[in-house]
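Q: To start, I am sharing the structure in question, which I have written as structure tokens.
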Amino acid sequence: MKAMVFHGARDFRYDDYAEPKLTGERDMIIRVEKCSICGSDLHMYNGKKLGPLDYSLVKMNFCVGHEGIGEVVEVGAAVKKHKVGDRVLLAGGVGCGKCRRCLKGEFSLCESKTVLPYGFSPMLQGLQAEYALVKEADLSALTIPEGVNDEQALLLTDSLATGFLGAVKADVQPGKSVAVIGQGPIGKTAMESAFALGAERVYAIDPSAFRRGKAAELGAIPLAPEEAVDRIMQDTHGLGVDCVIEAVGKEETVKQAIRIAAAGGNVAILGVVERGMQTSLMQAQLKSLTIFAGVAGVADSWPKLVPLVQEGKIRGEGMFTHEFALADGAQAYELFNTGQDTVLKVLIKV
Ligand SMILES: [Zn+2]
Ligand SMILES: [Zn+2]
């Protein structure tokens, strides 16, 4: 089959790749219909370090991508929720499938520490391919629900789950004020989630005028990073906002998150944090902040998130700014990597 294959930094190719085979009775195979590129894929693309792997040194070839939807073509004997012909969306990764956390869909908290994302190593084939093996299918795949379009289904595989986690962990509630730092796909879904959870006011901070414009279209107050602190302090009479969602992961944005949070407030850090980050917790402690830093389990978010999408409270509209065929995947990566001023998220049709 054909797939997008890692050959090294800045060298992802549309290439031949071994077709997946059903290995376990709880697994299934899908024919991938659509997939998307995530900001975290760019860490690999640019040969950076991510978790235990340094992608500038990785010499293995493997199929990439962890956000995908498709049609079930083969199911293992123990799969109960899916049958051939169903259209499904997948969680971006899986856990062991047996521990208490995994059984609740909290794959990022897997107790046997076998958190396995699709497409970051040869351990689990990626989803930017014609076919893919789905591990622990009953726990990690969801039949695309009625009232959820394909773009929304793709967002439910990762971005929406992550943004929503941020809004929940930042304790967004009706009437609260919120700031979201970063307006990439995660920040944007966090902002939408904040409104869906009843936020009274949402500030959207990003250096890109294009991304600020997108945020303003959805009702957020757009702010450039250099004006954000002054403006927020002025608006809140020097108190800061109740909830901050950080969706960048840089030292300066984490510091800014702590800076603009009100005393007793909540900060949720979603951005993939830089190595060696130095952030003093003194200000956070003096303000008695609750700080969360984490990764979405994804499947655990669906019971709450899907109804919000179906009711139109979270739409994810305007997220996919570009579309490519799988055969043009290399171009898609190049564009996504360089065009942050015009690109939000890239959809790939298989
Ligand atoms: Zn992703
Ligand atoms: Zn587990």
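Q: Pairing the Cα long axis of helix 185-196 with the longest principal axis of the chain, what angle in degrees results, from 0 to 90 and rounded to the nearest 10?
A: 60
Q: Still on this model: Could you work out the Kirkwood radius for region 160-293, taking every pair of different alpha carbons, averaging 1/r and inverting it, reported in Å?
A: Computed over region 160-293, the radius equals 14.0 Å.
Q: For region 96-158, what mean projected area does the convex hull of the alpha carbons give, in nm²?
A: 4.9
Q: Scale the Cα Rg of the chain by the rule-of-thumb value 2.2 N^0.38 Å and send over the ratio, two decimals.
A: For the chain, the normalised Cα radius of gyration is 0.97.
Q: Just reorder 114, 338, 236, 321 by solvent-accessible area, largest first, 1.4 Å probe, all chains present.
A: Per-residue accessible area, sorted high to low, gives 338, 114, 321, 236.
Q: Further, regarding this structure: How far is helix 251-260 tilted, in degrees, relative to the longest principal axis of the Cα atoms in the chain, given as a value from 0 to 90 rounded to the nearest 10?
A: So the inclination is approximately 50 degrees.
Q: Using Cα atoms only, what is the angle between the long axis of helix 329-338 and the major principal axis of the chain, expressed in degrees (0 to 90) to the nearest 10?
A: Roughly 10 degrees between the two axes.
Q: Further, regarding this structure: When all protein chains stay in place, what accessible area (Å², nearest 10, 1.4 Å probe) is found for residue 288?
A: Near enough 80 Å² of accessible area.
Q: Can I ask one more? When the solvent-accessible surface of protein heavy atoms is calculated with a 1.4 angstrom probe, in what order do 218, 344 fall, highest first?
A: Descending accessible area places them as 218, 344.
Q: With an 8 Å Cα cut-off and a minimum separation of 6 or more residues, compute the relative contact order for the chain in percent.
A: Rounded, it is 18 percent for the chain.
Q: Another question about this same structure. Using the Karplus curve 6.51 cos²θ - 1.76 cosθ + 1.60 with θ = phi - 60°, work out ³J(HN,Hα) for each residue of region 214-225 in order, rounded to whole Hz, and write x for Gly and Pro.
A: 4, 5, 5, 4, 9, x, 7, 8, x, 9, 6, x
Q: While we're on this one: What percent does the relative contact order of region 160-293 come to when contacts are Cα pairs within less than 8 Å and at least six residues apart?
A: That works out to 24 percent.
Q: Which value, in Å³ per residue, describes the convex hull spanned by the Cα atoms of region 276-350?
A: Each residue corresponds to 207 Å³ of Cα convex hull volume.
Q: Continuing with the same structure: Region 1-99: which GluC sites (Glu not before Pro) are DSSP loop and have at most 13 other beta-carbon atoms within 10 angstrom?
A: Qualifying residues, ordered by number: 25.
Q: Calculate, in nm to one decimal, what residue 217 and residue 239 gain on full extension: separation in residues at 0.36 nm each, minus their alpha carbon distance.
A: 5.3 nm
Q: Could you let me know the centre-to-centre spacing of region 1-26 and region 255-301, using Cα atoms, in angstrom?
A: Centre-to-centre (Cα) distance: 36 Å.
Q: Percent of Cα-Cα pairs per 5 Å bin, from 0 to the last occupied bin, for region 183-255, please list those.
A: Pair shares across the bins are 3, 16, 28, 29, 19, 5, 0.
Q: Let me ask something else about it. Can you give the Kirkwood hydrodynamic radius of region 224-350 from its Cα pairs, in Å with one decimal?
A: Final number for the Kirkwood radius of region 224-350 is 17.4 Å.
The values are calculated or read from the model by the stated rules, or taken from the named source; none is laboratory data. Since we're looking at a predicted model, the values are computed, not measured. Backbone-built Cβ (ideal geometry, glycine too); neighbour counts: all protein chains shown. Surface areas here come from the heavy atoms of the whole protein model, side chains and all, with no ligands, DNA or RNA. Shrake-Rupley method; radii C 1.70, N 1.55, O 1.52, S 1.80 Å.
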